[in-house]
């Protein structure tokens, strides 16, 4: 397989291990609203989704109607949790990014999270400078993942055709969007392919340190 011209990384769960803190913040907020969802269940239900999509999932699950400000409040709660909580770079993530950059291949991040959130998480783990402002958010497009819009937007902004891009993802939501965008997808699954990423079209691998080799670098 030909080497890619652009590598697009997801953020949470691929570069930084922030998903537990985020899911715990969502779980605690739902508990305040009288809706019981554990942090683990939150991870299973909401990983990779936008806050607006999370709102729809909660409303469907509990057959309720949430306030219009629900998604915005989730954003505030998660950002607060990240500002005060403890998290690190995903093992092997720095090696993966450095290995791609070392051969002159451009990199960027495409996340359903907000730019401000990425700046906090990537900044505190020392990864922000490696992307040099090349951060793309669901706020840049009409539809976040699982729609292909964000990946197509990132590729366009970076100046590459979708077929020349490889996406590194860890969620079913992200894999679906990248596949629909016409991009090769590597599915990071350190605990095994529990989400069925391979069935969705991803090439599953267990360690971020493998990324340069999988790309032929």
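The values are calculated or read from the model by the stated rules, or taken from the named source; none is laboratory data. A quick note: this is a predicted structure, and the numbers were derived from the prediction, not measured. Neighbour counts are summed over all protein chains in view; Cβ atoms, including those assigned to glycine, are modelled from backbone coordinates with ideal geometry.
Tell me, which strands (runs of 3 or more DSSP E) lie completely within region 134-204 with 1 or more residues that are crowded, with 23+ Cβ neighbours inside 10 Å and over 16 Å from the mean Cα position of the chain (by Cα)?
165-169
Being in a helix (DSSP H, G or I) and either in contact with a helix residue (DSSP H, G or I) (Cβ under 8 Å, 6 or more places away or on another chain) or within 26 Å of residue 150 (Cα to Cα) (or both) is the filter here; which residues of region 10-34 pass it? Even if it seems obvious, please write down each step before you answer.
Kept after step one, since they are in a helix (DSSP H, G or I), are these residues of region 10-34: 19-32.
Passing the criteria: 19, 20, 21, 22, 23, 24, 25, 26, 27, 28, 29, 30.
Could you tell me which of the residues 53, 71 is outside the structural domain of residue 125 (by TED's automatic domain parsing), closer than 22 Å to residue 146 by Cα, assigned to a helix (DSSP H, G or I) and touching a residue at least 24 places away in the same chain (Cβ under 8 Å)?
Values: 71 fails: touching a residue at least 24 places away in the same chain (Cβ under 8 Å).
The conditions single out 53.
Could you list, in sequence order, all residues of region 74-117 that are in a helix (DSSP H, G or I), modelled with pLDDT of 95 or more and crowded, with 19+ Cβ neighbours inside 10 Å?
Listed by number, the residues that qualify are 93, 96, 97, 99, 100.
Condition first: touching a helix residue (DSSP H, G or I) at 6+ places or on another chain (Cβ under 6 Å) and without any contact (Cβ under 8 Å) to a residue 12 or more places away in the chain. Now tell me which residues in region 124-141 satisfy that.
Selection gives 128 alone.
Here are some residues: 20, 29. Which one is more than 20 Å from residue 206 (Cβ to Cβ), surrounded by 15 or more Cβ atoms within 10 Å (Cβ to Cβ) and either modelled with pLDDT under 90 or outside the structural domain of residue 159 (by TED's automatic domain parsing) (or both)? Can you show your working first?
Details: 20 fails: more than 20 Å from residue 206 (Cβ to Cβ).
Going through 20, 29 in turn, the sole match is 29.
Within region 38-50, is there a residue that is over 18 Å from residue 139 (Cβ atoms) and assigned to a loop (DSSP other than H, G, I, E, B)?
yes
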